[in-house]
Structure formats: C-alpha cells, structure tokens
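The values are calculated or read from the model by the stated rules, or taken from the named source; none is laboratory data. This structure is a prediction, so every number in the text was calculated from the model and none was measured. Note: ideal-geometry Cβ built from the backbone for every residue, glycine included; neighbour counts use all protein chains shown.
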Amino acid sequence: MRIIISPAKKMREDTDSLAWRDLPAFLPQTEVLLSTLRALSDAELAALWKCSESLAVLNAERVRTMDLRARLTPAILAYEGIQYQYMSPGVFTDREFDYVQEHLRILSGFYGLLRPFDGVTPYRLEMQAKLHVGESKDLYAYWGERLAAALCAQSDCLINLASKEYSVCVSRYLPPSVRMITCVFGEEKNGKIVERATMCKMARGEMVRFLAEHQVTEPEQMKEFDRLAHRFDPVRSDDSTYVFVRPGKGVHT
C-alpha cells in the first residue's frame, strides 16, 4: 500500500530537526527543470508562478542560488501547508516516521515523487504551471507516466489523498491491476456531499496521522477513521472511493 499526497506552496528550510537520508529518485529530471527555470527572466518567472511581487522576488532568488545537494530538509518537514500542519510530523514517533517512510509518497511538480526523508530545498512550481520543458508543453507531459510507473513498482494499491491537480498525473497511467482508492471528505447538505477545500486539507493530514499511528496496511482499516467529526459512509462509498462525512452546520447527530 502506498499513500499519495500533494505538496504545499509554503516551504521552509530545517537542517537541524532531522537529517535527510536520500536524494530524490528523479533528481536528474529536477535538474532539467531547474535549468529551464534559470533560463527565464524574473518577469517570466513571476508570470509562471502567478503570485505576489514579494513571493516572486523570494522565489526568483531561490532559483538563482538553489543547490539541490546541500542544506537540504527532509521533505516531510519542508512543507508547511494546512495538510502538513494537521499531519504534525514534528511530533511523530520513530515508529510513525518508519511507517510514512515506507508507505507515504509526496507528489511534486519540481521533484516528481518524494519519500518523506528525501532531501529537498524550498522551491515554487505547481504541477499545473505552464512551463515548457524541451518538447513537453507542460509539467504533466514532462513527467508523463514516470510517477505512476514508480508507484506501481512499489505496490498494487494506492491510497489517494492528493488533490486532483496532482493525482491525475498518476491516475491516468494506472494499469487495471493497480487499485487506487480516492478518499473524499465532505459535509452532507441537502442530501449531497459538499467538499470544502480547507476542511479537505485538514482531513487529509489527519488521515495520514491516523494511518501512521495505527500502522495501517490494509484499506479496510481506513474505514475506522473518525477525526474532525468524520465517519465512513458505506452507502456512498465503493471499491475505488471511500467517502467520509461530517455533519453540516446546524446538523446534530
């Protein structure tokens, strides 16, 4: 079983808390991306990132000075988004770190596929970014089937906790022999399930923590997840989609 999650835009450098163990598996491809970014002007980078001027200045400086092999941070500690805040890897036990190192994989527009203890440096490059790389029109084309192939070589069951922006670069290449279970976290409203972006990120982080704490190795065990008031809904779920529902506002259980 392998669990896939999205990265986060906000990143930090932490070279003190834990040591990184390995360089990312797709580092040669990352080096090509870095060279492509360095060939762009600051204005072109800002247009690519679609961010504030201050963030554009910060990340342009990162691109110019980036070292992919020095002052690295374990990927699990490098990302600071809501999902990672609720995952709370900073308080993982050794046993939980061992679990995520084996089972968790982070999808990345820049690094491709990361294990939690792969060493990374702060960057900004979303998978949806319209970056032309050689003959590839964008990052989806650049990464192609490589990420899916790497995951399929490790397991025949994938737990999808990633956003569609990232999961699609895996799902579109999966063979029938590999099962992907997408987790949906939502609220019931007028008989329908409504997904709220922030709550989804929170729940995905909590799910990773739940899986690590309980050392889950079979999908069936995930159905016990009950955090942030979510409960597994067997009626709305099937073999490829696990739906977890929490009461909507004004609904009492």
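Inside the stretch 34-88, residues that are under 27 Å from GLY205 (Cβ atoms) and either of a type in the set (Phe, Trp, Tyr) or part of a helix (DSSP H, G or I) (or both) make up a count of 17. When VAL216 is tested against (1) farther than 21 Å from GLU102 by Cβ; (2) among the β-branched types (Val, Ile, Thr); (3) out of contact with any Ser or Thr (no Cβ under 7 Å at 6 or more places or on another chain), just one condition goes unmet, and that condition is (1). Number of residues in the stretch 194-222 that are of a type in the set (Lys, Arg) and either more than 21 Å from GLY248 (Cβ to Cβ) or touching a Cys at 6+ places or on another chain (Cβ under 8 Å) (or both): the value is 2. Checking each residue in the stretch 46-68 for being under 19 Å from GLN128 (Cα atoms), aliphatic (A, V, I, L, M) and without any contact (Cβ under 8 Å) to a residue 24 or more places away in the chain picks out ALA46, ALA47, ALA56, ALA60. Cβ-Cβ contacts under 6 Å between residues 6 or more apart (or on different chains), taken from a first residue in the stretch 32-45 that is closer than 14 Å to VAL133 by Cα to a second residue that is among the aliphatic types (A, V, I, L, M) and not in a helix (DSSP H, G or I), are listed as THR36/VAL133. Taking the conditions (1) part of a helix (DSSP H, G or I); (2) without any contact (Cβ under 8 Å) to a residue 60 or more places away in the chain in turn, THR15 satisfies each one other than (1).
Results for (1) within 22 Å of ASN160 (Cβ to Cβ); (2) touching an Asp or Glu at 6+ places or on another chain (Cβ under 8 Å), shown as yes or no for each residue.
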{"site": "ASN59", "(1), (2)": "no, no"}
{"site": "ARG64", "(1), (2)": "no, no"}
{"site": "PRO74", "(1), (2)": "no, yes"}
{"site": "VAL91", "(1), (2)": "no, no"}
{"site": "TYR99", "(1), (2)": "yes, no"}
{"site": "LEU104", "(1), (2)": "yes, no"}
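Just so you know, in the stretch 199-215 the residues that are over 15 Å from the mean Cα position of the chain (by Cα) and in contact (Cβ under 8 Å) with a residue 12 or more places away in the chain include one that is farthest from CYS152 (Cα to Cα), and it is MET199. All conditions in (1) at pLDDT below 95; (2) over 24 Å from ASN59 (Cβ atoms) hold for LYS130, with the sole exception of (2).
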